[in-house]
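Only one structure is covered here, and it is reproduced in the block below.
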Amino acid sequence: MGLNPLTAEERNRAVSKATAARARRAEAKSAIRAGSLSLAELFQQADEDEALARLKVTELLESFHGIGPVRSLAILEQLGIAASRRLRGLGIHQRRALIDFLRAD
């Protein structure tokens with residue numbers, strides 16, 4: 001069964017919402033990179049902000065200086081976190097493991 005086609009107005013609202021979500025995620029990654037936002041604060045914000053909750057953990061790790069795609073995947077494998085995981089999908093122990101790992105690194 002196919003999806004109902006969106007009206008032009010509905011499509012424009014969806015595009016605006018998606019653009020705002022991407023901008024919010026980019027803002028958070030920039031704040032992490034600059035050091036003005038801690039990982040614990042980001043997790044707390046992600047609990048309330050749908051856009052941040054959908055941020056992939058690999059993208060988050062890659063926003064740190066010195067961590068690229070290969071290293072981020074190695075970190076996730078070492079911590080036992082799936083590469084497809086988003087912030088919303090992390091459990092309390094996985095969040096703590098990420099915070100502790102990045103603090104020690």
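Based on this model, can you work out whether Arg54 counts as basic (Lys, Arg) and over 23 Å from Ile81 (Cβ atoms)? Criteria not met by Arg54. Figure legend. Inter-residue proximity from segment 84-105: first residues polar (S, T, N, Q), second residues crowded, with 17+ Cβ neighbours inside 10 Å, beta-carbon distance below 8 Å, spacing 6+ or different chains. Indicated pairs: Gln94/Ile81. Of all the residues in segment 22-51, those that are under 22 Å from Ala83 (Cα atoms), surrounded by fewer than 17 Cβ atoms within 10 Å (Cβ to Cβ), small (Gly, Ala, Ser) and free of Cβ contacts under 8 Å to residues at least 40 places away in the same chain number 3.
Inside segment 64-82, residues that are surrounded by 12 or more Cβ atoms within 10 Å (Cβ to Cβ) and modelled with pLDDT under 95 make up a count of 2. Of the helices (runs of 4 or more DSSP H) lying entirely inside segment 1-73, the ones with 1 or more residues being within 25 Å of Gly91 (Cβ to Cβ) and of a type in the set (Gly, Ala, Ser) are found at 8-34, 39-48, 50-53.
Filtering segment 56-94 to residues that are among the charged types (D, E, K, R) and more than 12 Å from the chain's Cα centre (by Cα) leaves Arg71, Glu77. Just so you know, in segment 10-30 the residues that are of a type in the set (Gly, Ala, Ser) and at pLDDT 95 or above include one that is farthest from Leu42 (Cα to Cα), and it is Ser16. The condition (being surrounded by 12 or more Cβ atoms within 10 Å (Cβ to Cβ) and over 20 Å from Glu27 (Cβ atoms)) is satisfied by just one residue among Arg103, Arg96, Arg54, Arg88: Arg96.
The values are calculated or read from the model by the stated rules, or taken from the named source; none is laboratory data. Predicted model, so just to flag it, every value in this text is computed and none were measured. So basically every Cβ, Gly included, is an ideal-geometry build from the backbone, and we count neighbours across all protein chains shown.
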